[in-house]
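Some notes on the structure that comes next.
The values are calculated or read from the model by the stated rules, or taken from the named source; none is laboratory data. Every value quoted in this text rests on a predicted model; they were computed, and no experiment measured them. All Cβ positions, even for glycine, are placed from backbone atoms using ideal geometry, and neighbour counts span all protein chains on display. What goes into the accessible areas is simple: the full protein's heavy atoms, side chains included, and nothing from ligands, DNA or RNA. Shrake-Rupley method; radii C 1.70, N 1.55, O 1.52, S 1.80 Å.
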Amino acid sequence: MSYSAPHVRNAWYVASWEQDLEPATPFAITILGEPVVLYRSESGRLVALEDRCVHRLAPLSLGRCEGDRLRCMYHGLLFEPDGKVAEIPGQDLVPAKARVKSYPVTEKHSWIWVWMGDPERADEALIPPAIGFDDPDYILGRGQLDYEACAELIHDNLCDFSHLSYVHANSFGATEDWARTRPRVTPLERGVRFERWVPSQGGLRSRKGVTVDAWSSYDYLVPGILLMRGASYPEGTAKKLGMGAPPDLEGAVGVTFTSQAVTAMTEKTARYFFSWGPHRDHGDEELRDTLMGVAAMAFAEDKTMIEAQQRVISATPEPRVMPTSADKGVTLYQRLVEKLAREEARKAEAA
Amino acid sequence: MSYSAPHVRNAWYVASWEQDLEPATPFAITILGEPVVLYRSESGRLVALEDRCVHRLAPLSLGRCEGDRLRCMYHGLLFEPDGKVAEIPGQDLVPAKARVKSYPVTEKHSWIWVWMGDPERADEALIPPAIGFDDPDYILGRGQLDYEACAELIHDNLCDFSHLSYVHANSFGATEDWARTRPRVTPLERGVRFERWVPSQGGLRSRKGVTVDAWSSYDYLVPGILLMRGASYPEGTAKKLGMGAPPDLEGAVGVTFTSQAVTAMTEKTARYFFSWGPHRDHGDEELRDTLMGVAAMAFAEDKTMIEAQQRVISATPEPRVMPTSADKGVTLYQRLVEKLAREEARKAEAA
Amino acid sequence: MSYSAPHVRNAWYVASWEQDLEPATPFAITILGEPVVLYRSESGRLVALEDRCVHRLAPLSLGRCEGDRLRCMYHGLLFEPDGKVAEIPGQDLVPAKARVKSYPVTEKHSWIWVWMGDPERADEALIPPAIGFDDPDYILGRGQLDYEACAELIHDNLCDFSHLSYVHANSFGATEDWARTRPRVTPLERGVRFERWVPSQGGLRSRKGVTVDAWSSYDYLVPGILLMRGASYPEGTAKKLGMGAPPDLEGAVGVTFTSQAVTAMTEKTARYFFSWGPHRDHGDEELRDTLMGVAAMAFAEDKTMIEAQQRVISATPEPRVMPTSADKGVTLYQRLVEKLAREEARKAEAA
């Protein structure tokens, strides 16, 4: 209700892995400062409600699923999937205004997505094309991390991979090339695209320890979804293509895909969901497990740095940043969010 | 000093079990935001002082009892039971204004009671008629819990037993009858009386597992004292009496008494004291221990719900409740507190 | 940046024991609310910088020493010892304004000292004459404690030894004489001097358990440095000297020295550094270890009292103290700090 950083409400936010939502078991998450309770009814219906009883504000996530409905387990008010109160025990009349907010919710690509904006505008076509466990081409692992830091600092991190050379020198074995060269950055309607060759890389992406040219291409999409395909090619490929994008995966010697989602919980907390794994033609469960081990180490490095950065910012009366040329993508994404947020505000005022 | 929820100061607050006050050992508790130190001198005198040295604000509860007096163990100022400084080591003259606040304090029904209001109005007749360990008729156990929640949420909880059906479905084995019927609610001068039959109950109140009609009657008294006698009668009794109050305990097959006290410590913390046990004619130490096991489980259920409710309220910019018909007693108690608080303010202004 | 209690900036603050600064390893400490990173380069150069990258405010203390320079390990900005940015990876031009604050820093008497004020005024002659491990005359032990309390409360504690009689009755075996008599208190240009005889003392200062006359003399100097020599003489010496200062150490039967430093970190945290030990002519490593055991106990007693005092003060809407005659030194020191702070403000305005 009081999430003050610029943000887009008319967007799908990742609330959970679908695997973590047990049937008929309420699940709580705060998104943009709003308490949300999710549940999947026994019949399989997915529901997302305001996690705050209209009566005395107890969390409905301590409640009990009853068919498609959810009962507050403090004084027994029963809620419909649309948020309306269906029953107040011992009271004949239920006031018409007795309801909590209901959120559009859906599952796709192994994630539960909640629409935090105007329900009228909820559009499943806006769900970013992540790759989930139902995709036959990729062998994925998954994880998540809770941050004691605002989502914006994680967006910044993911829109500037120059940090790989320093934060992830050990885990990813990233060389200084990641900091000394710049990706091609392209604005998208709902995000920013990053593409680059980093030639002559050893390290973990190459299974056999041979040196390869690494091609990476990712979109960073509102409200904080990173979708990246990394492909490695024989050394020399980048030069041969004049540093241009490879036309397809043919000739690639390694291909992986990672889907990542940053969900702003409160002003200073966020949840980070991620999957990663090799294309089936370029790896197996063993490589997947190796990659997940690397990811665990690397994402802990990010968390250490970003939470420390947050503590410094929080302790600084008037924090000011000094962008560098590596910040082009960061700035594009921030401006896009501000623009979309302004448009939402305008539409809301007009309505 | 800055307890902002409406509250009655001219009332006796439970500060401790008398059993927990060791002789000549200072004991600290914050009540209504004010730090209070209690001690029982070696001669048996009970003293309650402001727990904050007049010199440099060290807590006197880290001090040393010397006869009836208490010495601050930072720089040695010695305090009389009335709060006056008796001695400043190394200084001949003690300023007349050198004193801390002294509170009327007494012990009764196994509790230490502190009067938080105008000492001139302290009236022992206002101590609620709790039942303590000195009562020959009841076999009691006792306990206490610290809440990360404001006292008001606990008052609300105890003035609306419809929650028994949901919060305590397991522990007390309470059926939905508790939520689907309403007690008779009667305003008292310093509280609210709740009376009801809940017929045909099994569960824990009936020792032998037979079904009984449960009669309960309790007063909820400022500043947060619950005194309840529960009695069970052969099934059919309630109907035979036209749902009217039983004239006496004759014919009862089970009788228990519970005394409970909610002490507001700070804006968001409270201490909850309770005893419970059977009437000597209707139980023994074994039943007392069974009841205390049930209470431990049930009161932990309340604490889980109420602390979660507090967290939601604290995170909600403008929290608003929607009362139901079960809230009649809650509302009566809240209005009584507001009325008494207003009267106090008027009297204080007039004086 | 927002340390609001009156304080002197043009002073040397103890940031660390020199023994705790590993070569080429950044070390973080907050002083007066400002994050500071210290490092000693491999060539031995000592550097103190603002611990906050000019780019995105990551702490430089998570960085990497490279020769005399420090690299931010988030996006690789490289800093000179004077705070200027030497390099932004992948960017040709480094803006002239790209710099962090650099602090005068030096090491002396086993401490690392940081000058928090105007660098132009940094004057090593203002470093208080503590006794470090390089002093051949004393056999020292050392320790440090982090306080959840403001530095001012520790200054107050150290400027009034009347607390020894109560806080340290056990550890130091201090009698009530410490509270019932007053030291001679003399204002100094940058502090306050305390001198006194406490005759006929047993306790720990006297190695052999005999009764002695204890002479102690200490200076308490801005920004919170206590330097004390304690000497014990045969009983009767104090009287023979008419309670005047002993002319020298001749005839002393025990001599120790303690250096202590209170560094204000944030509004409510402080770090306390201390060393203590006997003069070589009056003790050995065994006595040093005994003294350090006593100090560990005594300084834990202070910490318990002062942190409790801080909690009371923090919970009191308008805290007011009532000074006693024991507070003469406390008041002198407080007024000196206020005077020096005012002078600094005046000079800063004039400039």
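Go through segment C:4-53 and give me each residue that's open to solvent by 20 Å² or more (accessible area, probe 1.4 Å) and among the aromatic types (Phe, Trp, Tyr). C:Phe27 - this is the single residue of segment C:4-53 that is open to solvent by 20 Å² or more (accessible area, probe 1.4 Å) and among the aromatic types (Phe, Trp, Tyr). Comparison of C:Asp281, C:Asp289 shows that the only residue that is under 26 Å from the mean Cα position of the chain (by Cα) and either surrounded by fewer than 19 Cβ atoms within 10 Å (Cβ to Cβ) or assigned to a loop (DSSP other than H, G, I, E, B) (or both) is C:Asp289. C:Arg45 fulfils the conditions (1) more than 14 Å from chain A (Cβ to nearest Cβ); (2) in contact with a Leu (Cβ under 8 Å, 6 or more places away or on another chain); (3) basic (Lys, Arg); (4) without any contact (Cβ under 8 Å) to a residue 40 or more places away in the chain except for a single criterion, (2). Just one of the listed residues (B:Leu32, B:Leu62, B:Leu49) is modelled with pLDDT of 95 or more and touching a His at 6+ places or on another chain (Cβ under 8 Å), and it is B:Leu32.
Restricting attention to segment C:90-101 and to residues that are touching a residue at least 40 places away in the same chain (Cβ under 8 Å) and part of a loop (DSSP other than H, G, I, E, B), the residue that is nearest to the other protein chains (Cβ to nearest Cβ) turns out to be C:Ala98. Here A:Tyr138 clears all of (1) farther than 28 Å from A:Ser61 by Cα; (2) out of contact with any strand residue (DSSP E or B) (no Cβ under 9 Å at 6 or more places or on another chain) except the condition numbered (2).
Inside segment C:264-278, residues that are basic (Lys, Arg) and in a strand (DSSP E or B) make up a count of 1. The lone criterion from (1) crowded, with 21+ Cβ neighbours inside 10 Å; (2) in contact (Cβ under 8 Å) with a residue 60 or more places away in the chain; (3) more than 21 Å from B:Ala261 (Cβ to Cβ) left unmet by B:Gly63 is number (2).
Do we have B:Lys268 as under 19 Å from the mean Cα position of the chain (by Cα) and open to solvent by 60 Å² or more (accessible area, probe 1.4 Å) here? Considered against the rule, which asks whether it is under 19 Å from the mean Cα position of the chain (by Cα) and open to solvent by 60 Å² or more (accessible area, probe 1.4 Å), B:Lys268 comes out as yes.
For segment A:295-311, filtered to residues that are open to solvent by 30 Å² or more (accessible area, probe 1.4 Å) and among the charged types (D, E, K, R), the residue that is farthest from the other protein chains (Cβ to nearest Cβ) is A:Lys303.
Among the residues of segment B:165-181, are any under 14 Å from B:Gln260 (Cβ atoms) and within 14 Å of chain A (Cβ to nearest Cβ)? No, segment B:165-181 contains no residue that is under 14 Å from B:Gln260 (Cβ atoms) and within 14 Å of chain A (Cβ to nearest Cβ). Taking C:Pro81, is it away from chain A (no Cβ under 12 Å), part of a loop (DSSP other than H, G, I, E, B) and surrounded by fewer than 21 Cβ atoms within 10 Å (Cβ to Cβ)? Yes, satisfied. A count restricted to segment B:158-185 and to residues that are of a type outside the set (A, V, I, L, M, F, W, C) and in contact with a Lys or Arg (Cβ under 9 Å, 6 or more places away or on another chain) stands at 9.
For the residues C:Ala5, C:Ala86, the requirement of being more than 13 Å from every other protein chain (Cβ to nearest Cβ) and at pLDDT below 95 singles out C:Ala5. Screening C:Gly76 on (1) on the phi < 0 side of the Ramachandran plot; (2) at the interface with another protein chain (Cβ under 10 Å from one of its Cβ atoms); (3) open to solvent by less than 10 Å² (accessible area, probe 1.4 Å) shows it passes everything except condition (1).
The C-beta contact set for segment C:326-351 (first residue over 25 Å from C:Asp118 (Cβ atoms) and at pLDDT 95 or above, second residue buried (at least 20 other Cβ atoms within 10 Å of the Cβ) and of a type in the set (Ser, Thr, Tyr), distance under 8 angstrom, 6+ apart or interchain) comprises C:Ala326/C:Ser162; C:Gly329/C:Tyr220.
When the residues of segment A:312-350 are filtered to those that are among the β-branched types (Val, Ile, Thr) and more than 8 Å from chain C (Cβ to nearest Cβ), which remaining residue is surrounded by the most Cβ atoms within 10 Å (Cβ to Cβ)? Here the residue is A:Val330. Of the residues making up segment C:216-245, those that are more than 30 Å from C:Ala151 (Cβ to Cβ) and surrounded by fewer than 18 Cβ atoms within 10 Å (Cβ to Cβ) are C:Pro234, C:Glu235, C:Gly236, C:Lys239, C:Lys240, C:Leu241, C:Gly242, C:Met243, C:Gly244. Looking at (1) aliphatic (A, V, I, L, M); (2) touching a Phe, Trp or Tyr at 6+ places or on another chain (Cβ under 8 Å); (3) closer than 30 Å to B:Pro35 by Cβ, find the lone condition where C:Ala326 falls short. Result: C:Ala326 passes all but (2).
Just one residue in the set C:Thr211, C:Thr263, C:Thr256, C:Thr237 is modelled with pLDDT of 95 or more, more than 26 Å from the chain's Cα centre (by Cα) and not charged (D, E, K, R); that residue is C:Thr237.
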